[in-house]
Amino acid sequence: MKQIVKAAFLITVFSVASRAVGFLYRIFLSRTLGAEGMGILQVALSVFGVLVTFTSSGLPVTVSRLTARSGRDPAEGDRIVTSAALLGLSVAGVLALLLFLLREQLGFLFSDGRCLPVFTALLPAFLASALYSACRGGLWGNKSFLSYSLVEFCEEAAMVAAGVIFLQGVDLLADKTLNAARAVTVSYLTAAVLTVVLYLRRGKFRRCGKKQFLPLLKGAAPITAVRLLGCLLGSAVAILMPQRLTAAGMTPAEALSLYGVMSGMVMPLLFLPGTVTGSVALVLVPEVSVTSQKKDKAALNQNLSDSLNFSLLVACIILCGYLSCGRSFASTLYENPEAGRLLTVSAGLMIPMTLSQLSSTIMNSLGLESRVMRHFALGAACMLGAVILLPSLIGIYAIVVGNLLQLTLSAVLNLRVIRRQSGLSMSFLKNGLRCLLLGIPAGCLGRMTAELLSHFLPALLASGIGLGIAVGSLALLCCLFGLLDLGLLLRRGQGKPAEEKKPSLFRRLKANGKGRLRRKAPAPKSGS
């Protein structure tokens, strides 16, 4: 578990840095392009994203799993990466060529004709993404997490540098949006070149055949289908939710505004535990692939239980923080009181979201991608049902209920299959429930403290104190109820080995098999 946490911490640091750089760049873009230019760019990027999802989204996970299972045969891992690169480049190349030749007939994809040249400028990035995904999966499967994270950060940094340079001295809006798209293309090309260089430092491209292509297609197709279903589900919700709110009595402007607050302000904050969970999932894929191939159920279950416990603990800590000062934090960040209220009500979604994300990754690592697709489809049906039927009763909270149904159903079905396949103990659910029950009163205590201090101190300082009290109270309660062992951590930090816990009387009786405690054999006499 120590290695998993260290690797996850490294990936999380790079991920947070990449997101921070991207967030600052989006502020620069919004001020440079304006609302109209950002709309043109986002429409083109949305269509481009669907294409990248179709050709490359399933490759990294599948290549990582197959490369990790190749074990001590690096040549087989090289052939898998080569097959993935050829497969991705072939599909992307054919599609890119067709889109370029038929670009004059693609106007039906865009509501504004100015999006078409921006989309055309992104086609080289489409090709680069296929090569990038294959080599990225090879680095992932070989546990080169530093290289993997470094490429992601460099990709974001290249886009920022190119965007700032390309947009200097440009006045026309059409040229600005075109240059912003070229900056995205530069970032993909940079990532592809850097990934290939880093991969060739430890491997090379080799001749491959059907033996490598068929497992890649079988593993990548369901993952790609899940990602495409996710894109379609998001589009369907974006269309249906404002319509159903309008039918429930809101004006179109009010419905769009409320949906914008929920999807654009609240949901990104709810995805915050996903940064840590995604890092843990990234480390788990090669670990689970190797241990499942070796049929080492003890090591497999230990890794899975520790990772699930750790991820649930992080989600509960963030949940506690949102309950204590989420309302004031979101209201101050977005200058919108509605965002703070919705965040507090929706904070509980982080628990099933964490379980769903991590369990889906585990199943992909076990080669159960088709099951993940079926479970996601069932959850998506529940989500659509809630969005269609519930807005007239509970308004915008239909999205909260729909997400709760989708994520919970997906997590329950995934964990049920994982338990059958690996014999995973469900003790982490008990620990997560205990942590959640402790986090709710701790969060409420922090919120009451912040509201009390806000009468005497600035709101930001009062919220900070409330957050500290909430998290500190949760840590103390977890120690009191045995969810955290600070003594064990201190002993490890001092280099002293932890004392081995003696088995209970019941376990010793059970191990004896005869219902009697085994007596310790007498020591031999010195003369014998």
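The values are calculated or read from the model by the stated rules, or taken from the named source; none is laboratory data. Every value quoted in this text rests on a predicted model; they were computed, and no experiment measured them. Glycine also receives a Cβ, built like all others from the backbone with ideal geometry; neighbour counts cover every protein chain displayed. We work out accessible area using only protein heavy atoms, side chains counted, and drop any ligands, DNA or RNA first. Shrake-Rupley method; radii C 1.70, N 1.55, O 1.52, S 1.80 Å.
Brief remarks on what is shown
- Taking first residues from the range 79-90 that are in contact (Cβ under 8 Å) with a residue 40 or more places away in the chain and within 18 Å of Leu51 (Cβ to Cβ) and partners that are open to solvent by less than 60 Å² (accessible area, probe 1.4 Å) and of a type in the set (Ser, Thr, Tyr), the Cβ contacts under 7 Å between residues at least 6 apart in sequence or on separate chains come to Gly88/Thr55; Gly88/Ser56; Gly88/Ser133.
- Single residue of the range 23-79 satisfying the filter (open to solvent by less than 30 Å² (accessible area, probe 1.4 Å) and outside any helix (DSSP H, G or I)) that is nearest to Leu106 (Cα to Cα): Ser57
- Test: Phe428 is of a type in the set (Phe, Trp, Tyr) and touching a Ser or Thr at 6+ places or on another chain (Cβ under 7 Å): yes
- Residue within the range 208-215 that is surrounded by fewer than 16 Cβ atoms within 10 Å (Cβ to Cβ), within 22 Å of Leu378 (Cα to Cα) and at pLDDT below 80 present: no
- Given (1) in contact with a Ser or Thr (Cβ under 6 Å, 6 or more places away or on another chain); (2) within 19 Å of Leu229 (Cβ to Cβ); (3) open to solvent by less than 20 Å² (accessible area, probe 1.4 Å), index of the condition Val288 fails: (2)
Yes or no, residue by residue, for (1) under 11 Å from Phe14 (Cβ atoms); (2) not acidic (Asp, Glu):
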{"residue": "Val151", "(1), (2)": "yes, yes"}
{"residue": "Phe166", "(1), (2)": "no, yes"}
{"residue": "Asp171", "(1), (2)": "no, no"}
{"residue": "Ala174", "(1), (2)": "no, yes"}
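- For the residues Val164, Val118, the requirement of being in contact (Cβ under 8 Å) with a residue 12 or more places away in the chain, more than 30 Å from Gly77 (Cβ to Cβ) and crowded, with 23+ Cβ neighbours inside 10 Å singles out Val118.
- Any chance Asn414 is at pLDDT below 80, surrounded by 13 or more Cβ atoms within 10 Å (Cβ to Cβ) and touching a helix residue (DSSP H, G or I) at 6+ places or on another chain (Cβ under 8 Å): no
- Test: residue in the range 292-312 that is at pLDDT 75 or above and not in a helix (DSSP H, G or I): no
- Wholly enclosed helices (runs of 4 or more DSSP H) of the range 343-405 bearing at least 1 residues open to solvent by 60 Å² or more (accessible area, probe 1.4 Å), in contact with a helix residue (DSSP H, G or I) (Cβ under 9 Å, 6 or more places away or on another chain) and free of Cβ contacts under 8 Å to residues at least 60 places away in the same chain: 369-389, 391-394
- Within the range 260-282, considering residues that are hydroxyl-bearing (Ser, Thr, Tyr) and surrounded by fewer than 19 Cβ atoms within 10 Å (Cβ to Cβ), the one modelled with the lowest pLDDT: Thr275
- Selection within the range 167-202: residues that are of a type in the set (D, E, K, R) and farther than 16 Å from Arg26 by Cβ. The member of this set that is least open to solvent (accessible area, probe 1.4 Å) is Asp175.
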